[in-house]
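Remarks on the structure that follows.
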Amino acid sequence: MLAQELVDRMKNAMKHRLPAETVDRSAKLIPGMKYRNERGRMVTVMRVSHLRVMYRYEGYQDICETSRREFDLKFKKVQS
């Protein structure tokens with residue numbers, strides 16, 4: 001009885017949940033492409049793998065690295 005109530009509550013919650021914001025993961029990340037972070041700082045992609053992205057901030061000499069998922073969420077492509 002309790003298990004069925006939990007299943008019913010879950011189904012009801014799934015019916016009323018808001019759709020998650022979609023992220024375009026089909027876009028190809030190519031070294032040399034320019035992106036902006038949420039604060040507007042420009043970065044240049046240096047290397048890309050399936051799981052990691054290496055990039056450099058403008059005016060910063062060291063290379064930063066983050067997961068592909070986090071990069072897709074936090075950076076927006078600069079339109080040329």
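Coordinate-derived values only; no laboratory data. Note that the structure is predicted; figures quoted are calculated from it, not measured. Ideal geometry is used to build each Cβ from the backbone, glycine not excepted, and the neighbour counts take in all protein chains shown.
Semi-axes of the equivalent ellipsoid of the chain: what are they in whole Å, largest first, if each equals the square root of 5 times a C-alpha gyration tensor eigenvalue?
Working: eigenvalues 304, 35, 25 Å².
Largest first, the chain gives 39, 13, 11 Å.
Taking the Cα atoms only, what angle lies between the long axis of helix 2-16 and the longest principal axis of the chain, rounded to 10 degrees?
Helix 2-16 sits roughly 50 degrees off the main axis of the chain.
Can you tell me which lysines have their Cα less than 28 Å from the Cα of Lys34? Leave out same-chain residues fewer than eight positions away.
List returned: Lys74, Lys76, Lys77.
In nm, to one decimal, how far is the modelled label at Arg47 from the one at Lys15, with both set 7 Å along Cα→Cβ?
5.1
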